[in-house]
Structure formats: structure tokens, C-alpha cells
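Notes for the one structure printed next.
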Amino acid sequence: MEHTKLPWSYEHRKKKNGMYSTEVFCNEGQTIATLAWYSIPTDNGFTTNREANAAFIVKACNCHDELLKAAKEALSIIEKYSDVPVHIFALKEAIAKAEA
């Protein structure tokens with residue numbers, strides 16, 4: 001099964017019940033994920049990092065294919081010109097995780 005077409009975005013959206021939520025959505029506007037609000041104590045009360053989490057999810061997903069391609073190209077060059085197995089192993093492991 002394929003994931004929803006990229007790029008993704010995020011924003012605070014007003015729900016039918018009048019409440020707002022932070023959502024990750026596709027170009028067609030369909031919600032992919034709604035981030036939970038959980039409190040983080042501050043000196044002035046509470047805050048949340050859901051907007052930062054949404055931004056991180058969107059950034060990671062939107063650049064995934066480009067980063068994977070670059071890692072494969074780097075691996076090809078390293079395997080050709082280097083005999084340092086630690087670098088090769090680390091790249092192979094990262095690529096495997098990205099493709100899983």
C-alpha cells in the first residue's frame with residue numbers, strides 16, 4: 001500500500017465542534033494525522049509542542065525520498081572508494097530502516 005501523496009502540510013484547523021486541532025494533511029486537504037495536545041509545564045502555566053512535532057513529521061516525510069536517494073548515492077561512492085566498513089554499515093542500516 002502506498003502512503004498519501006506528498007507534499008504534506010500542517011496547520012491548526014477548526015473542527016465541527018468548534019475546537020481547534022493541529023493536523024497534518026495532504027494537498028487535497030484530507031487529514032492524515034491529528035496531533036494530541038498534552039501539557040508541558042512552564043513557568044507561566046502549560047504549553048504543548050504539538051506544532052513542533054507536526055512540523056517535524058511534515059519535514060521528515062516531505063524530504064524522505066530525496067534523503068534516501070542521496071544516501072544510496074553516497075553508499076555507492078563510499079563502497080567504490082573506501083575500505084572503512086563502519087561508514088558502509090551505518091549507511092546500509094539507515095537505508096534499510098528508510099525502506100522498511
Mind checking which of N17, N53, N27 has the largest fluctuation in a GNM of the chain, springs on alpha carbons under 10 Å? N17
Helix 85-99: inclination vs the chain longest Cα principal axis, degrees, rounded to 10, gives 40 degrees
Dimensions (Å) - the stretch 31-100, Cα atoms, principal axes, largest first: 55, 30, 16
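Read-outs throughout are calculated quantities, based only on the coordinates presented, and are distinct from any laboratory measurement. Please read all numbers here as calculations on a predicted model, not as lab measurements.
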